[in-house]
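Below is one structure; the comments refer to it alone.
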Amino acid sequence: MSGKIWMYSDQIDDWDVLFAQKAFITYREGCDYYDLTSKVMIRLAQEAGAVYKIGNRCVRIRRDVFEAYLREKYRKDLVDESKNRLSGCNDVHSGTREGKEKISKESGEEHRYI
């Protein structure tokens, strides 16, 4: 095996190895491997800019571009989720809200907790 795939050989099976050897995949192969519906696969591939059309009917997806897009999109989703989970934690300390003032940045309204 070439590259770094040998480092994960205990976690992958033969299908993963064969899939990793392909530079271009079809929509159907992508749907099967990534467990996506065809509409979602088409939308994500087009958003990633990984779609290559050959003639009128043949469409291939560049796998490395598509996977890089999925990793980046997943990373952004994780960051957004953690920000949403942690928002509002800085203005309340030790479980009490006494004497704290909170000013909303969007509306400019001031709220006092008693």
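Bear in mind that the values in this text are calculations on the coordinates, not laboratory data. Bear in mind the structure is a predicted one, so any value in this text is a computation, not a measurement. Cβ: placed from backbone, ideal geometry, glycine included. Neighbour counts: every protein chain shown.
Computed extension gain for Lys39 through Leu18, at 0.36 nm per residue and net of the alpha carbon distance, reaches 5.1 nm.
Applied to the stretch 68-75, the Karplus parametrisation 6.51 cos²θ - 1.76 cosθ + 1.60 on θ = phi - 60° returns per-residue 3J(HN,Hα) values of 5, 5, 4, 5, 5, 5, 5, 5 Hz, with x for Gly and Pro. Taking packing as the residue-averaged number of other Cβ atoms within 10 angstrom, the listed peptides 71-80, 36-45 run from highest to lowest as 36-45, 71-80.
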